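The values are calculated or read from the model by the stated rules, or taken from the named source; none is laboratory data. Predicted model, so just to flag it, every value in this text is computed and none were measured. All Cβ positions, even for glycine, are placed from backbone atoms using ideal geometry, and neighbour counts span all protein chains on display.
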Amino acid sequence: MSSSAQGYTHFGPVDCTLPLNTKNLKGKTAIVTGGANGLGEGYVRALAAEGVNVCIADLNEDKGKQLEEELKGTKFIRCDTTVWENQTRLFREAASFSPTGKIHYVVANAGIHRPDEVFLYSGDDQEPHKPDLSVIDINIQGSLFTAKLASHYFIKQNGQTPSPEQEDTCLVLIGSGAAFLDCPRQPQYSASKWAMRGIMHALRRTAFYYGSRVNVISPWYVKTSILSDEAFKHVASVGVQFATVEDAGQSLLRILSDTKINGHSLFVSGKKWSAQGYLDLDLDDYAGNALVQEIQTDQVKSAPVFLGLFV
Ligand SMILES: NC(=O)c1ccc[n+]([C@@H]2O[C@H](COP(=O)([O-])OP(=O)(O)OC[C@H]3O[C@@H](n4cnc5c(N)ncnc54)[C@H](O)[C@@H]3O)[C@@H](O)[C@H]2O)c1
């Protein structure tokens, strides 16, 4: 079996110091969920600056419409990502908005953080109550709906047989430091962010059948509305250097502009860890661990990638 039949080859970490060449992005169409604020807004701004048509999918109508007015080539579409019908409408409207009728890039960014009731103690005298799992609903279920619809549109546009005519498409899932680090006291949020890597690992070997790619962006702390001002102040006060929305935007452009990047997670870091503000920590392939490579080979033996997309 050739490595291309595997659909995935690890070439080592992405070199994020190389100059960006974004000329392939102009005129493409993207969806950014949670695009009205914070990091999502950063992805929208970075894409719009490159001439990408961007659909801003968000619950926040005021901010979404404001952004649409400010940025040429963008359209706000109200969407609650936890509601399937909202997302099907989002994709339909995005396809109509696209000058070519095609959707090229999808960024599943909508996400929340809240006090974790799975972790919290109910008290000695209390029967534990059913925990609120809204972090799972938004961060995982919403992202799975987005991933399903992204693949659907990419397959519809490109077919299931690799050919040079297939136009590059890419799904980008949003992880976090919590997608690979120990973050005490927040099992739901951590589960939801590890899950983004899980989705990526499940899709990266077969995405080539429909001319596609799937990657993760994992931001370090970035000052947005996801935590309170007090929480961010506390993090800053203990000496943590934040990452920036702008660097997150550049990490997205890196992924989308280089069509060889598939199956990677880029960490949007403090500048002390990378001059660019983002880097590939190369945690997704267990580089150098021959035993894990061997186990991975056995994992796909019962349904090898070369058998086709749907087996
Ligand atoms: N800010 C950080 O430090 C940080 C670090 C790592 C990962 N992240 C991740 O980045 C993503 C964006 O976070 P942020 O910091 O920009 O947060 P934010 O709260 O500033 O912005 C989130 C946006 O998502 C929207 N949103 C929330 N729920 C939605 C839903 N169900 N449907 C549609 N839109 C919805 C909100 O209206 C808001 O516009 C999240 O997935 C988050 O987990 C953030």
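Among residues of region 105-118 being within 16 Å of the ligand (Cβ to nearest atom) and assigned to a loop (DSSP other than H, G, I, E, B), the one that is surrounded by the fewest Cβ atoms within 10 Å (Cβ to Cβ) is Pro115. If I ask for residues that are touching a strand residue (DSSP E or B) at 6+ places or on another chain (Cβ under 7 Å), touching a residue at least 60 places away in the same chain (Cβ under 8 Å) and more than 18 Å from Ser251 (Cβ to Cβ), which ones from region 154-174 would you list? Result: Thr169, single match. When the criteria are applied in full, Leu266 meets the requirement of being of a type in the set (A, V, I, L, M, F, W, C), touching a residue at least 60 places away in the same chain (Cβ under 8 Å) and within 20 Å of Gly42 (Cβ to Cβ). Taking region 119-131 as the range and being closer than 18 Å to Pro184 by Cα and either exposed (fewer than 10 other Cβ atoms within 10 Å of the Cβ) or of a type in the set (A, V, I, L, M, F, W, C) (or both) as the test, the residues that pass are Phe119, Leu120, Tyr121. Checking each residue in region 273-295 for being charged (D, E, K, R) and either over 21 Å from the mean Cα position of the chain (by Cα) or over 18 Å from Thr17 (Cα atoms) (or both) picks out Asp284, Asp285, Glu294.
For region 246-266, give me the residue count where each residue is polar (S, T, N, Q) and within 11 Å of the ligand (Cβ to nearest atom).
Total satisfying the criteria: 0.
Count, please, the residues in region 65-79 that happen to be out of contact with any Lys or Arg (no Cβ under 7 Å at 6 or more places or on another chain) and within 12 Å of the ligand (Cβ to nearest atom). So the answer is 5.
Please tell me if Ala46 is near the ligand (Cβ under 10 Å from one of its atoms), of a type in the set (Gly, Ala, Ser) and in contact (Cβ under 8 Å) with a residue 24 or more places away in the chain. Walk me through how you get there before you give the answer.
Values: near the ligand (Cβ under 10 Å from one of its atoms): no; of a type in the set (Gly, Ala, Ser): yes; in contact (Cβ under 8 Å) with a residue 24 or more places away in the chain: yes.
Judged against the criteria, Ala46 is not a match.
Applying the criterion of being among the polar types (S, T, N, Q) and surrounded by fewer than 17 Cβ atoms within 10 Å (Cβ to Cβ) to the residues of region 1-34, the residue that is modelled with the lowest pLDDT is Ser2.
Annotation: of all residues in region 80-101 being among the charged types (D, E, K, R) and out of contact with any Lys or Arg (no Cβ under 8 Å at 6 or more places or on another chain), the one that is nearest to Ser225 (Cα to Cα) is Asp80. In the set (1) of a type outside the set (Ser, Thr, Tyr); (2) under 22 Å from the mean Cα position of the chain (by Cα); (3) modelled with pLDDT of 95 or more, the condition left unmet by Gly270 is number (3).
Comparison of Ser163, Ser96, Ser134 shows that the only residue that is over 22 Å from Val245 (Cα atoms), within 14 Å of the ligand (Cβ to nearest atom), of a type in the set (Ser, Thr, Tyr) and loosely packed, with under 15 Cβ neighbours inside 10 Å is Ser134. Could you check region 208-310 for helices (runs of 4 or more DSSP H) lying wholly inside it with 1 or more residues that are surrounded by 15 or more Cβ atoms within 10 Å (Cβ to Cβ) and of a type in the set (Phe, Trp, Tyr)? Filter on region 208-310 gives 229-237. Considering only region 223-245, I want to know if a residue exists there that is within 30 Å of Phe310 (Cα to Cα), charged (D, E, K, R) and away from the ligand (no atom under 12 Å from the Cβ). Checked region 223-245: no residue is within 30 Å of Phe310 (Cα to Cα), charged (D, E, K, R) and away from the ligand (no atom under 12 Å from the Cβ).
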